[in-house]
Structure formats: structure tokens, C-alpha cells
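Q: Right, I'll just put the structure down here and ask away after.
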Amino acid sequence: MSTQQRRAVVVGAGVGGLAAAGALARDGWQVDLLERRPQIRAVGAGLSLWPNALRAIAAIDPAAVDQLRGRNELQDMVGLRRPDGRWLSRVEPSPAGAEDADSAGAADAFTVPLMVTRPKLYDVLRDLVPAESLHLGRTATGVDAGPAGAVVRTDGEEYPADLVVAADGIHSRLRTSVDPRTRTRGAGYVTWRALIPPESAPALVSGSETWGRGQRFGCIPLADGGVYWYATLAHADPRYRADGAEDLPGLFADWHDPVPRLLGATPPDRIIRTDIELLWPLPRTFVRDRLVLLGDAAHAMTPDLGQGACQALEDAVELATVVRSAGPGEVPAALPEYDRLRRARTTGLARQARVLGLIGQVRNPLGARLRDRLISLVPANKASRSLTSPTTWEPTGVRS
Ligand SMILES: Cc1cc2nc3c(=O)[nH]c(=O)nc-3n(C[C@H](O)[C@H](O)[C@H](O)COP(=O)(O)OP(=O)(O)OC[C@H]3O[C@@H](n4cnc5c(N)ncnc54)[C@H](O)[C@@H]3O)c2cc1C
């Protein structure tokens, strides 16, 4: 590798951009991280970080995972219910250590997902980025990236770079320089989510998700006694209001316990409401010359698997690995490996999340009955394993 200083410009200080800037800086890159907002702002309540995400963070800095760990590990999610409370599918506890003893990840430290608050995650990731790298209130307006070099433009300034990372979110401005064809679209449903702190949360032994017709509700106890819950409603439901004026408790008033109790225990100002969007089709490539797409800019997916931010963290680690030994002139030749490592995996997960969301949101009574019948025929442990199999991912650098 050449000893010449390598320069990276990362656009967007969300989960993906912070992690990428941190990982590259640790490898000796001179990093400029441009964020359009005047401060780093985490939007949203909590975020589930699955073992794959924790391994990615640990690959950047193991101490960062220790800072995230608290008493808010997610506890068991045991199955799928109907609105009347009957179980459609329920995971039976296996004899200790018997199940999955040989599966990847079972032997490492990361077997339990963490529920972290977004501000906490942002604080931890921000600490990975050198203070002088962070430029707040700086909007990237365009990029010229070719085989010989790259430059990112903002209002009034230009940042030359050997590598440009577009981590500017689902509505990425830089994405058109990689693939102008990709579009965002509505997923056809709205979500609500909240964290109830231990002092006001109803006691919950285990978590579950409940599927109605065009409506879902999930709740998961946290190790500290708090509860994380989320709810969805199809846009096609006449009770949906584009202006957000739905009667949320009313939507779930006749659902099984503890659904109405959880909604009743949550102050309205703690509830985050989001109309879900996704990127589809995904870009045909994540790379052009010296420019790469990362995180939601590359593969914004529906939250049905809870993997969007986890994938942004994986992207960051794999990107740093593929350019680790590349000199400034060798960056374009190194980047196709990032595309190879990341595009197939994230496309598969985005598709899986979308399909799961569509199945969960079925409104037609006949379709919903058929769905419920089919679910009850699949052994629950098998279904659960197929949903958690993506979380066995490990960074390329540590694979044997
Ligand atoms: C309801 C819901 C629940 C979710 N739950 C989970 C979960 O449990 N687990 C999980 O892993 N994922 C979850 N996700 C997905 C997760 O939130 C996203 O995938 C993740 O936050 C994407 O991070 P990012 O850094 O790629 O993009 P973003 O967080 O969107 O960050 C992009 C940043 O770029 C900045 N920016 C944009 N344009 C410019 C510009 N031109 N110049 C400079 N800066 C710019 C923005 O201000 C922003 O700070 C959920 C999503 C939703 C909607």
C-alpha cells in the first residue's frame, strides 16, 4: 500500500455514516463526515440491534458494544397470536444448549438482541469519529467521482476525496450518481412504536406479535422491566388518516391483553408514528468508481425484520475491510468487492422484509384466514430459526 494519506468523504451522519467514518478513521483514513443538520439528531424511539449488528460494532471497537449493553436486552419473543389471543405459532423452549449448538454465532458473545435508544446508539457511534472529522450543518449538493479522483460539493466548499461514501439516507441525493433508476415508494402501512420505562410498564413475561387484518401489534419485554411495543395499520384501512389523526387505542381496543393496557400506559408524546417507505427496486450496483452507497441510501427496507440499521453497520465494516490495504489510486479497483459482499445480502433481506410485511398486512378476510391456517402448520421453531438466520453474519475479516 502507498504511504500517501488517503482521504474519505462520508455524507450523512446517521447510523451508517457514523459507523463508516469511525471504521475508516481507525484504519488511518483522513475522514470528512458531512451532516446537513446543525446537530446529530436521532429520530425514533428504540432500535433492535441483532447479534450481526453487535458483531459489526465490535469489529470497529469492542468497547463500543460494552457501552451499549445495559439492562435493556430484549427478552424472548415466543410467537404469533391472533387478536383474540389464541396462538397461531409458539416457540417451545428447547433443552438448555441443545438447540443450535452448532450454529454460527452460538459460541460467541452475541446471541441476544439489544434494544437501544437511538440517542444512545448515536452517542456511542459518534465517539468513534474524530472530532475534527465532523462537519455539521454542511449539505452535500453534488459529487464528481471518476477513476482518477472525486470531489464532494457543498454550498461554498469542495471536499476532494479518494473515496466518497453516500450514507445520506433513503432520500439520498448522491444515489443518482450511482443508479438514477432507483425510486422510493410507500410500503402501504403506517407504524407506531414506543418504549415504556420500567416504572410505568405493565409486567410482561414474554413477547409476541399479533396479526389481525391489516393490523399488527408486537411487544417485547426488556430486561430492565420496560417494554418496547410497535403497531401497524394498512393505508387501505378506512381508519387510516394521512394526517396522523387515527384513534390508536381505539384501533386495538378489542385485542387480547396486554395490547390495550400497553397502549393505555404510553403517554401520546412518547409514541413515534411513521409512514413506511422503501427503496425498490434496489440499485443495480452500490459502487461507481470511487463512490459507494451505504445504509438506507443503498437498501432502505421495511422494518419487518428489524434489520435496516443492522445492515448499515455491516456495510460500514465490510467497506473498511475492502479498502483497508488499498492506496489512493487503488480504491476504484477495490470497491467492486464491497458491491459483491453487500448487494446480494441486503437485496435478499429487503425482499424478505417486504414479503413478511405484505403477509402480515393482509386485509382480505379469506386471505387472512388462509394465512393463519398456513402459519399454524409450520413448526414454530423452524419459522423462528429462518427469521433469525440472518443474524449469524460475521464480518469478512474474521471469517475462517
Ligand atoms: C419504524 C421503523 C423501525 C425500525 N426499526 C429498526 C430496528 O429495530 N432495527 C434496525 O436495525 N433498523 C430499524 N429501522 C431501520 C433504520 O432506522 C434505518 O435503516 C437506519 O436508521 C438507516 O441509517 P442510515 O445512516 O443509512 O440513514 P439515516 O439514518 O437516514 O441517516 C442519513 C443522514 O444523512 C443526512 N443527510 C441526508 N442528505 C444529506 C446531504 N445531502 N448532505 C449531508 N447530510 C445529509 C441526514 O440528515 C441523516 O442524518 C427501522 C426503521 C423504521 C422506519
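The values are calculated or read from the model by the stated rules, or taken from the named source; none is laboratory data. What you see is a predicted model, and the numbers here were worked out from it, not measured in a lab. Reconstructed Cβ throughout: ideal geometry from the backbone, glycine too, with neighbour counts over all protein chains shown. Note: areas computed on protein heavy atoms with side chains; ligands, DNA, RNA excluded. Shrake-Rupley method; radii C 1.70, N 1.55, O 1.52, S 1.80 Å.
Q: Calculate what fraction, in whole %, of the accessible area of the chain sits on carbon and sulfur atoms when a 1.4 Å probe is rolled over the protein chains.
A: Carbon plus sulfur share of accessible area: 52 percent.
Q: Could you state how much accessible area R369 has, in square angstrom rounded to the nearest 10, with a 1.4 Å probe and all protein chains kept in place?
A: Its accessible surface works out to 150 Å², give or take rounding.
Q: How are the alpha carbon pair distances in the stretch 329-400 distributed across 5 Å bins from zero to the largest one, expressed in percent?
A: Using 5 Å bins, I get a P(r) of 3, 11, 14, 19, 15, 11, 8, 7, 5, 4, 2, 1 for the stretch 329-400.
Q: So how long is each side of the stretch 1-65 along the principal axes, counting just the alpha-carbon atoms, biggest first, in Å?
A: Rounded to whole Å, the extents work out to 43, 30, 15 Å.
Q: While we're here: Leaving ligands, DNA and RNA out of it, rank D127, D32, D224 by accessible area with a 1.4 Å probe, largest first.
A: Putting D127, D32, D224 in descending order of accessible area: D127, D224, D32.
Q: Direction-averaged shadow area of the convex hull around the Cα atoms of the stretch 261-343, nm²?
A: 7.4
Q: Stick to Cα atoms and the Kirkwood definition of Rh, then tell me Rg/Rh for the chain.
A: 0.98
Q: Could you order K382, K120 by accessible surface area, starting with the largest, using a probe radius of 1.4 Å?
A: If we order K382, K120 from most to least accessible, we get K382, K120.
Q: Counting Lys and Arg as +1 and Asp and Glu as -1, each charge on the Cβ, what is the dipole of the chain about the Cα centre in debye, to the nearest 20?
A: With Lys and Arg at +1 and Asp and Glu at -1, about 1180 debye.
Q: For the chain, report the accessible area per residue in Å² (1.4 Å probe, heavy atoms, rounded to an integer). Working shown, then result.
A: Numbers: 17530 Å² over 400 residues.
I get 44 Å² per residue for this part.
Q: Tell me which residues come under 5 Å, amide H to amide H, from A187 once H is placed; ignore anything under 5 positions away on its chain.
A: I276, E277, L278
Q: Hey, got the Cα dimensions of the stretch 158-266 along the principal axes, in Å, largest first?
A: Principal axes ranked by extent give 56, 37, 21 Å for the Cα atoms.
Q: For A140, what is the net charge nearby, where nearby means another residue's Cβ is under 9 Å from its Cβ and Lys, Arg count +1, Asp, Glu -1? Numbers along the way, then the final one.
A: Numbers: positive: R36, R138, R153, R173; negative: D168.
That sum, taken over residues with Cβ under 9 Å, equals +3.
Q: So, one more: Please state the equivalent ellipsoid semi-axes for the stretch 103-213: what are the square roots of 5 times the Cα gyration tensor eigenvalues, largest first, in whole Å?
A: After scaling each eigenvalue by five and taking roots: 38, 21, 17 Å.
Q: Going by alpha carbons, how many degrees (0 to 90, nearest 10) lie between the helix axis of 51-60 and the longest principal axis of the chain?
A: 20
Q: Something else: If you take every DSSP beta bridge fully contained in the chain, what fraction is antiparallel? Give it as a percent rounded to 5.
A: 70
Q: Okay, moving on. How far is helix 365-377 tilted off the main Cα axis of the chain, in degrees rounded to 10, range 0 to 90?
A: Between the helix axis and the principal axis of the chain, the angle is about 80 degrees.
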